[in-house]
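The values are calculated or read from the model by the stated rules, or taken from the named source; none is laboratory data. Since we're looking at a predicted model, the values are computed, not measured. So basically every Cβ, Gly included, is an ideal-geometry build from the backbone, and we count neighbours across all protein chains shown.
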Amino acid sequence: MKYFKGGIHPRDKKDCRFDKIQTIPLPKRIFLPLRQHTGSQAVPLVKAGDLVAVGQMVASASGFISANIHSPVSGKVVSIEKILHPCGFGVDTIVIDSDGKHDTTQFQSVSPEDLSIEQLLDTIKNAGITGLGGGCFPTHVKLSPPKEKKVESMILNGCECEPYLSCDHRVMLEEPKKVLEGLRIMMKVLAVNNAFIAVEDNKKDAIEVLRKSLGTDKDIIVVKLRTRYPQGAEKQLIKTISGREVPSGGLPVDAGFVVHNVQTAVAVGDAVYRGKPLYERVVTVAGCVRNPGNYRVLIGTPISDVIAACGGIFGEVKKIVLGGPMMGVGIHSLDVPVVKGVSGILVLGNATAKTYEPSSCIRCGRCVSVCPMGLVPMMLSRLAEKGMGGELKDYSIFDCIECGCCAYECPAKINLVQNIKTGKFLAKRHPIKSQVKNKGL
C-alpha cells in the first residue's frame, strides 16, 4: 500500500467514539436554508401558511448541480426570509413551526434490483442527498461522471481523520448493513464491480464489524489505513489505496475513482430501500457541553437547540466550530441551523482554542514538508499578502485542499490557510498565468 506524502498526526481527542447514537428531541422551529449544497440555490415550493409533513419536498433543485430540500417536521411554514447561514452570510431560508405530531408523507420503498440506473439516479436526486462528509456536493452529480471518463472502482470514505469527530465511526458500528446497502446501490449506478471501504486503524472495531457484515463477499474490500491527517481527503485516499495521483486541477474520476462518505451511503440506502429523503444526519457534539456524544439531528435544527439537548455549555467558551477543528467553520451565533454538511459541533474552551500572534516567516520549510499536495504554502501566503493574483497560479494555488496542515505546523503561527483562501479569490480574477518569476518575496 502506498502512502500520501506530508500530513500530520494531531491528538485525535475522539472521546465520543464509545457513545452510541442518540436522537435530539423534536425542535419547536426549523430553519431550512435554500443553499445547503455546492451549486445553485434551491427554489422554494411552499409559502407562508402552508402545512407540511415530514419528508415533504419544500424546495427543488434549480439546476443539475443543486439539491432538493425536504421538511424534517410536520407543521406550518411561518416565512421565507434571509437567515444567518453557518458560513456567516444571510441566505433565503424556509422557517417552519413544528406541530409536534411528526406526521410523515407516504414513503415509497423499492428494491434496487427492480430499478434501472436512471431510475436509481432519479431516486437519489429526488431525495436531496449531498455529500455528508462536509463537501455537500450533490450525490447524483458525483454518480453521473462524464461519459468519456471511465470509473474503475469506488471508495467509501470512513476515515474520519479530523480530531473530535466520531459520528461516521458510530454509523459504521451501529448501521453496517445500511452502509453496505447504499454502497452496493452506488456501485450499480457507476457500473463498477469492486469497491473499497477505507477506515483508519484507530477504528479497529468498525473494521471488524464491516468485515463481518460482508461475510464471504469479495467485491468489497475493507482497507485498514494508517491514521494520519488528512487521510480522508479524496486525493490522498486515492493515492494511499491505489498509488495513483489525481492530476493537478483534476477530479478523482480522472484517476478512475469516485469517493463517497459512509453517511452518504446510508442516505442512499434509505432513499431507495425505505423511500426516505435526506432530512436528518448524525453529528458529533463535543467539547464544553455537559453531555457530549453522537446525535441524530434533524436538518434545520438551531445549534442552540442541539447544545441545550446536550445539557448546555459549561465553563468559558472561546470558540464554537461546525465540523472538525482543522477544516470546520467558526460561528458567532447559536441561532444558525444544522445544515446537511455539518458533521460536528465543537464547543471549545480557552485551553483548546488558543489564539497566537503571528510572527515573521523564518523559512524553516516545515509547512512544505507537511503539505499533502506538495505545494509551497509560505510562498502562496506571501503572494496573497502582496496581492499577486496572477503569480499565484504559477504555484498551483487551486491544488490546495485547505486542510490546515501548514498552519498547524508553522512555528511562526502565520495564518497560512486564511491567506491562501484570499489568494484563491485573487487568482480567480487573473485568468492568465504570470510568465514572470517573482523575486524578493
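Structure notes:
- Of the strands (runs of 3 or more DSSP E) lying entirely inside the stretch 274-381, those carrying at least 2 residues that are among the basic types (Lys, Arg) are 317-322.
- Number of positions in the stretch 277-322 that are crowded, with 22+ Cβ neighbours inside 10 Å, closer than 15 Å to Tyr164 by Cα and small (Gly, Ala, Ser): 2
- Only one of the numbered conditions (1) surrounded by fewer than 21 Cβ atoms within 10 Å (Cβ to Cβ); (2) out of contact with any strand residue (DSSP E or B) (no Cβ under 7 Å at 6 or more places or on another chain); (3) hydroxyl-bearing (Ser, Thr, Tyr) is not met by Ser381, and that is (1).
- Within the set Lys14, Lys5, the sole residue that is part of a loop (DSSP other than H, G, I, E, B), surrounded by fewer than 22 Cβ atoms within 10 Å (Cβ to Cβ) and at pLDDT 95 or above turns out to be Lys14.
- Of all residues in the stretch 338-350, one or more are of a type in the set (S, T, N, Q), under 27 Å from Val285 (Cβ atoms) and at pLDDT below 95.
- Unmet criterion (only one of (1) more than 18 Å from Gly133 (Cα to Cα); (2) of a type in the set (Val, Ile, Thr); (3) at pLDDT 95 or above) for Thr216: (3)
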